[in-house]
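Participant: For reference, the structure I am asking about is given below.
The values are calculated or read from the model by the stated rules, or taken from the named source; none is laboratory data. In this text, all values refer to a predicted model and were calculated from it rather than measured experimentally. Here the Cβ positions follow ideal geometry from the backbone for every residue, glycine too, while neighbour counts run over all protein chains shown.
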Amino acid sequence: MPATDQAKRRLRIGLDVTPLAAPLTGIGVFADRLLRGLADSERVDLVGLAFTARGRAVLRETLPASVSLARPIPAAVGRRAWSRGDRPDVSALASNLRVVHGTNFITPPSKHATELVSIHDMGPWLTPELSGEVATDLPLLVDRSLARGAHVHADSHFVAEQVVAELDVAPERVHVIHLGVDPAPDRPAPMPAELADRIGGRPIVVAVGTIERRKGFDRLVEAFADLLDEVPGLCLVLAGGHGNASLAVEATIRRHRLVDQVIVTGYVSDDDKAALLRDAEVVVSSAIHEGFGFVPLEAMAVGTPAVATAGGSIPEICGDAASLVPVGDGDALAAAMHRVVTDDAHRAELIAAGLERAAAFSWQATVEGFLELYETIA
């Protein structure tokens, strides 16, 4: 087929790349890996949509050369306008789109393109008190997209079932595509010298994520205090940026006199996160709910055992490859961590099962799933 004919047959997709303008958290990783996989495909013509003005320069440096960047619109302007009506239409930002994919809950209105909105979890609807201020208007924005006929992408069957039940969406309009996990690097980066000095050679328990209420880090600190009574000499590393639970977590650390035993790093790069996950005795996810659960899978992929609370989609994603405990049960969380760091046979079983489980989640499969979905709904 001539190149010009092939280009005409490509679907022109508008992809929200706004999460790439900030340090990458879970949704940012999803948007980044999807973007790069789609950019390598000959089946789509990709246009980056940006709901940020300040992040425009970062995005221009970040996007692959094959991806054009539509005229950005400031986030506050877009959210305010789209919560009240259906203007500006996406055609004012980019022309001839067939599918518009909002990777982070928000899809701009479109008269001529099919809308697809990624709903990663139902926290803004079911537990708004645990979500940050930025999520307060998401239910209204999503409701307006659904009223226009948008399709929904869910990271897990758990979230898909919640969307159908809580948002009254027809099941055939909700599509589950699991996310992927990066394979272990061939040459892992060393632990940063400054962080290594703070750890001081102690065995570490690691948790990764923005310090938000829904992550349950205050309960994790309490469970870690109990663990230290049985296994002294450990160090807990909380690797994540400031969030709505930062003050509460700091207060819990002080109350249990763990200032020297708990390190809060702030946001860490991908390389530094990989080093922490690789060097940990155990990686812990203490979240109250998760729409997917990157961190346990990332730990499994590098051969580190994971302990996780069984909130949201975690049982679906982790299966039997992680040690799962009830949400909010600090005693069970402490006991699970204790067993991993003291029972070599149990630890070896989790490592073997985790490596096998993580291998089932690839970004290639995620990208292929979206290509098929775009072609189906366009």
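Participant: Among the residues of region 109-144, how many are farther than 20 Å from Leu49 by Cα and outside any loop (DSSP other than H, G, I, E, B)?
Facilitator: Here the count works out to 11.
Participant: Answer with yes or no whether Val367 is on the phi < 0 side of the Ramachandran plot and assigned by TED's automatic domain parsing to the domain that holds Ala113. Give the derivation first.
Facilitator: Working: on the phi < 0 side of the Ramachandran plot: yes; assigned by TED's automatic domain parsing to the domain that holds Ala113: yes.
Yes.
Participant: I've got another one for you. Among the residues of region 357-372, is there at least one that is outside any helix (DSSP H, G or I), among the aromatic types (Phe, Trp, Tyr) and surrounded by fewer than 23 Cβ atoms within 10 Å (Cβ to Cβ)? I'd like the intermediate steps shown before the answer.
Facilitator: First pass over region 357-372, keeping only residues outside any helix (DSSP H, G or I): 359-362.
Next, from what is left, pick out any that are among the aromatic types (Phe, Trp, Tyr): 361.
Restricting the remaining residues to those that are surrounded by fewer than 23 Cβ atoms within 10 Å (Cβ to Cβ) gives 361.
Yes, there is a match, as at least one residue in region 357-372 is outside any helix (DSSP H, G or I), among the aromatic types (Phe, Trp, Tyr) and surrounded by fewer than 23 Cβ atoms within 10 Å (Cβ to Cβ).
Conditions tested, residue by residue: (1) within 27 Å of His338 (Cα to Cα); (2) at pLDDT below 90; (3) not in a loop (DSSP other than H, G, I, E, B).
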position: Leu146; (1), (2), (3): no, no, yes
position: Val181; (1), (2), (3): yes, no, no
position: Met191; (1), (2), (3): yes, yes, no
position: Ala196; (1), (2), (3): yes, no, yes
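Participant: How many residues does region 301-356 contain that are in a loop (DSSP other than H, G, I, E, B) and of a type in the set (A, V, I, L, M)?
Facilitator: Of all residues in region 301-356, those in a loop (DSSP other than H, G, I, E, B) come to 302-305, 310-313, 319-322, 326-329, 343.
Narrowing the set further to residues that are of a type in the set (A, V, I, L, M) leaves 302, 310, 321-322, 327.
Of the residues in region 301-356, 5 are in a loop (DSSP other than H, G, I, E, B) and of a type in the set (A, V, I, L, M).
Participant: If only one of Asp168, Asp137 is surrounded by 15 or more Cβ atoms within 10 Å (Cβ to Cβ), acidic (Asp, Glu) and at pLDDT below 95, which one is it?
Facilitator: Asp137
Participant: Given Asp137, Asp121, which one is within 21 Å of Gly85 (Cβ to Cβ), under 20 Å from the mean Cα position of the chain (by Cα) and of a type in the set (D, E, K, R)? Full working, then the answer.
Facilitator: On the way: Asp121 fails: within 21 Å of Gly85 (Cβ to Cβ).
Exactly one of Asp137, Asp121 is within 21 Å of Gly85 (Cβ to Cβ), under 20 Å from the mean Cα position of the chain (by Cα) and of a type in the set (D, E, K, R), namely Asp137.
Participant: Then there's this: Would you kindly identify the helices (runs of 4 or more DSSP H) lying entirely within region 1-108 that contain at least 3 residues that are touching a residue at least 24 places away in the same chain (Cβ under 8 Å), of a type outside the set (Phe, Trp, Tyr) and more than 26 Å from Gln364 (Cα to Cα)? Working first, answer last.
Facilitator: Values: elements: 3-9, 26-39, 56-62, 75-82.
The qualifying helices (runs of 4 or more DSSP H) are 75-82.
Participant: Tell me yes or no: at least one residue of region 146-154 is assigned by TED's automatic domain parsing to the domain that holds Asp89, touching a strand residue (DSSP E or B) at 6+ places or on another chain (Cβ under 9 Å) and surrounded by fewer than 16 Cβ atoms within 10 Å (Cβ to Cβ).
Facilitator: Initial filter on region 146-154 (assigned by TED's automatic domain parsing to the domain that holds Asp89): 146-154.
Next, only the ones that are touching a strand residue (DSSP E or B) at 6+ places or on another chain (Cβ under 9 Å) stay: 146, 148-154.
In the following step, the residues that additionally are surrounded by fewer than 16 Cβ atoms within 10 Å (Cβ to Cβ) were identified as 148-149.
For region 146-154, residues assigned by TED's automatic domain parsing to the domain that holds Asp89, touching a strand residue (DSSP E or B) at 6+ places or on another chain (Cβ under 9 Å) and surrounded by fewer than 16 Cβ atoms within 10 Å (Cβ to Cβ): present.
Participant: Quick check on region 320-363: of everything there that is out of contact with any Gly (no Cβ under 9 Å at 6 or more places or on another chain), among the charged types (D, E, K, R) and in contact (Cβ under 8 Å) with a residue 24 or more places away in the chain, which residue is farthest from Pro296 (Cα to Cα)?
Facilitator: Of everything passing the filter in region 320-363, Asp331 is farthest from Pro296 (Cα to Cα).
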